[in-house]
Amino acid sequence: MSQVLHNDAIVKPPGILARLQASAGRTIRKLAEEPLGMAGFLILAMLVVVAVFAPLISPYGPNVQMLSDALKPPSLAHLAGTDEFGRDIVSRLVWGTRITIQTVLSVSVIVGPVGLIIGVVAGFFGGRTDAILMRATDIVLSFPSLILALAFAAALGAGLNTAIIAISLTAWPPIARLARAESLVVRNADYVAAARLYGASPVRILLLYIAPMCIPSVIVRLTLNMAGIILTAASLGFLGLGAQPPSPEWGAMISSGRKFMLDYWWVAVMPGIAILLTSLAFNIVGDTLRDLLDPRHARS
Amino acid sequence: MKELSASELGRRLLHLLLSLFILLCVTFVIGRVLPADPVGAIVGELADPAAYEAMRTRLGLDLPLYQQFFIYLNNLLHGDFGTAILTGNPVSQDLSRAFPATLELATLAVLISTFVGVPLGLAAALFRDTFIDKIARVVSLVGHSIPVFWFGIVGLVVFYATLNWVGGPGRVDVYYEGIVTPATGLLLVDSLLEGETEIFWNALSHIILPAIILAYAAMAYITRMTRSFTLEQLGQDYVIAARAKGVGPARTVVSHVLPNIAVQLITVLAISYGNLLEGAVVTEIVFSWPGIGQYMTNALMIGDMNAILAATIVVGLVFMLLNFIADIASAILDPRTREATR
């Protein structure tokens with residue numbers, strides 16, 4: 001069989017990178033007309049920069065204690081004040097972005113592919129496979145996720161990794177449902193039929209022809225979920241089940257600042273503002289991405 | 001309104017039972033399989049081997065896993081969740097005391113979020129792209145993003161410690177505690193039943209802040225969903241017809257659109273109610289509210305798996321029941337969904 005003929009005849013969907021590049025370019029042009037979305041993107045970009053360059057940006061070390069400076073109100077030397085050990089709160093917040101970004105990325109890296117594969121397999125094969133997989137998805141979806149995460153964290157021992165696993169275990173169903181819905185649409189497309197005609201195996205069709213088409217909407221959905229992930233992670237931290245002291249996890253910082261709330265409000269208020277701004281930015285960016293990338297949604 | 005066929009109801013019940021069974025499997029795995037050394041957690045690291053073995057046998061950990069699971073299920077069916085380390089009481093007894101407190105908080109919160117969220121969502125859709133719509137969008141964006149425990153702490157400092165508008169942590173002031181005999185366990189209801197209006201007002205001043213703060217996140221979700229449901233309807237022919245025959249915009253929405261989105265809204269409200277029960281966990285810590293959340297967190301601190309798992313099962317069960325009820329309700333109210341679900 002001549003390879004040349006095959007290469008000519010096989011109808012290939014456009015490469016994933018090319019498509020992502022094209023839609024990214026379109027998105028950025030449209031974004032210029034959305035000031036709120038732009039602001040969200042800027043905040044996120046800033047967060048990433050802060051997380052990467054934390055050692056350069058933070059004025060003090062995150063765990064440097066100066067007991068003589070304990071519980072000082074915000075001033076020029078300590079822009080957000082100091083906590084009960086005299087640690088600079090701005091520096092701790094800056095280092096804390098690393099923990100937040102790490103949590104969000106780890107959960108997304110676990111949840112995205114798992115949800116995508118379950119959803120695409122269910123949507124593509126249909127029938128009994130679909131019924132079983134979707135029933136499982138529905139069941140996990142009907143679990144109270146924070147409570148279950150609490151129980152997991154309690155059994156596995158507190159820590160950042162446990163928190164990440166616990167959140168991931170209950171965060172994949174929305175992704176799976178979305179990927180299934182997308183693949184139901186795509187599997188009947190002409191280019192898939194063409195690929196099948198030319199003898200592509202089901203696995204090949206699944207991985208190279210259907211899964212890539214679902215990736216953009218999965219990414220949007222992940223962005224929207226990130227705000228929720230941050231809030232759940234912060235809740236776990238607040239309850240003492242996330243990253244352990246002295247690491248500057250924002251939820252844990254609120255928890256320890258709570259004791260001094262009446263007289264030294266900044267200790268608990270500052271990390272809360274950081275959480276609020278971050279999840280706000282993720283929500284805005286997720287909303288904007290959805291409006292821009294999904295024309296069906298933008299109309300309603 | 002049509003009747004739900006028996007087989008349909010049976011199928012949904014079967015799904016509910018299956019979900020419950022899987023939840024029990026998950027909690028069993030969490031409680032018995034994941035912890036590296038459940039015996040050591042109870043007897044301590046330095047216990048002598050004989051005591052260790054005795055405890056291992058008492059817990060039934062020497063049996064094969066499937067037998068352990070069977071015993072576990074059997075105990076649960078008899079309402080036996082084991083004994084709580086913290087209180088020394090049976091966990092079921094502790095939970096039956098804590099659950100009404102959580103239920104009261106979540107119920108008030110769901111009422112608040114519905115009565116604010118639905119009108120706000122309707123208004124936002126009706127006056128799309130106006131000032132009201134923008135306010136609604138910002139309110140719901142912030143509601144989706146705010147950490148509820150932090151909001152609670154800030155609210156407590158502002159409205160209790162500084163302004164003194166509301167009662168502080170706990171369900172009532174200390175000197176009112178234990179006066180009302182719990183009949184329903186809902187303090188607001190019990191105090192009224194006994195005619196203790198003073199306690200009622202005191203309890204109300206205590207519950208109002210946590211309820212509002214808890215309600216906020218749910219309200220954000222309800223507003224957003226109401227808005228998008230309404231926008232879908234506003235383009236429909238029947239709305240245009242109503243407007244054409246001279247029905248005013250407010251009346252159109254209330255008496256024409258609202259009944260049409262009611263089915264979808266019920267599902268949203270049920271989901272919100274479930275989420276509120278869950279969100280109550282962290283809110284209860286902040287407000288020292290003696291509900292399931294606080295009970296569970298106290299158990300977490302000392303690693304009391306019996307109490308943690310029982311609380312997980314109870315909240316999970318209520319969560320699933322709410323989903324089930326919403327499912328049934330939407331099937332009864334909307335015959336279309338009955339055919340749509342396979």
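Computed quantities for the displayed model
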{"item": "Folded to 0 to 90 degrees: helix A:266-293 orientation relative to chain A principal axis, Cα", "result": "20"}
{"item": "Of the DSSP H helices in chain B, those whose Cα atoms cover at least 15 Å axially and whose Kyte score averages 1.0 or more", "result": "B:6-28, B:91-126, B:258-286, B:305-333"}
{"item": "Positive-end residue of A:Gly272, A:Met66, A:Leu222, charge dipole of the protein assembly as shown with Cβ unit charges", "result": "A:Leu222"}
{"item": "Anisotropy class of region A:169-208 from Cα gyration tensor, a/c 1.5 cut", "result": "oblate"}
{"item": "Stretchable slack from A:Ala193 to A:Met38, in nm (0.36 nm times residue separation minus alpha-carbon distance)", "result": "51.8 nm"}
{"item": "Two-site label geometry, B:Leu111 and B:Glu232: point separation in nm, points 7 Å out along Cα→Cβ", "result": "3.0"}
{"item": "Leading residue at positive end of dipole, the protein assembly as shown (Cβ point charges), from A:Ala151, B:Phe131, A:Leu262", "result": "B:Phe131"}
{"item": "Nearest-ten-degree value, helix A:127-141 long axis tilted from longest Cα axis of chain A", "result": "10"}
{"item": "Computed lengthening from B:Glu194 to B:Met55, 0.36 nm per intervening residue step minus Cα-Cα distance", "result": "45.3 nm"}
{"item": "Loop sites in region B:38-122: GluC sites (Glu not before Pro), DSSP, at most 13 other Cβ within 10 Å", "result": "B:Glu45"}
{"item": "Angle in degrees between helix A:16-31 and the longest Cα principal axis of chain A, rounded to the nearest 10", "result": "60"}
{"item": "Efficiency of FRET from Cβ geometry, A:Gln244 and A:Ser68, R₀ 22 Å, rounded to 0.05", "result": "0.25"}
{"item": "Karplus (6.51, -1.76, 1.60) ³J(HN,Hα), θ = phi - 60°, over region A:50-55, in Hz, Gly and Pro reported as x", "result": "4, 5, 5, 9, 3, x"}
{"item": "Long-range amide H partners of B:Thr83 with built H, under 5 Å", "result": "B:Val91"}
{"item": "FRET E, pair B:Lys134, B:Arg251, Förster distance 22 Å, beta-carbon r, rounded to 0.05", "result": "0.35"}
{"item": "Residue among B:Leu63, B:Leu23, B:Leu141 with the largest mean-square fluctuation in a Gaussian network model of chain B, springs linking Cα atoms under 10 Å", "result": "B:Leu63"}
{"item": "Prolate/oblate/rounded call for region B:189-269, Cα gyration tensor, a/c under 1.5 rounded", "result": "prolate"}
{"item": "Shape of the protein assembly as shown, Cα gyration tensor, a/c cut at 1.5", "result": "rounded"}
{"item": "Within region B:215-306: Cβ-based charge dipole about Cα centre, in debye rounded to nearest 20 (Lys, Arg +1; Asp, Glu -1)", "result": "580"}
{"item": "Semi-axis lengths, Å, chain B, gyration tensor of Cα atoms, sqrt of 5 times eigenvalues", "result": "42, 28, 18"}
{"item": "Computed label-point distance, nm, for sites A:Arg26 and B:Ser288 using a 7 Å Cα→Cβ extension", "result": "5.8"}
{"item": "Unit charges on C-beta of K, R, D, E only; dipole of the protein assembly as shown, Debye", "result": "2420"}
{"item": "Cα centre as origin, Lys/Arg/Asp/Glu Cβ charges: chain B dipole, Debye", "result": "1520"}
{"item": "Residue among B:Asn306, B:Ser113, B:Ala54 farthest towards the positive dipole end of chain B, charges placed on Cβ", "result": "B:Ser113"}
{"item": "Cβ-Cβ FRET estimate between B:Leu63 and B:Leu17, R0 fixed at 30 Å, reported to 0.05", "result": "0.75"}
{"item": "10 Å Cβ neighbours from other chains, averaged over peptide B:278-284", "result": "4"}
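Here, each number is a calculation from the coordinates, and none is a lab measurement. It should be emphasised that the depicted structure is a prediction, and the values quoted were computed from it without experimental measurement. Neighbour counts run over all protein chains shown; Cβ positions are idealised from the backbone, glycine included.
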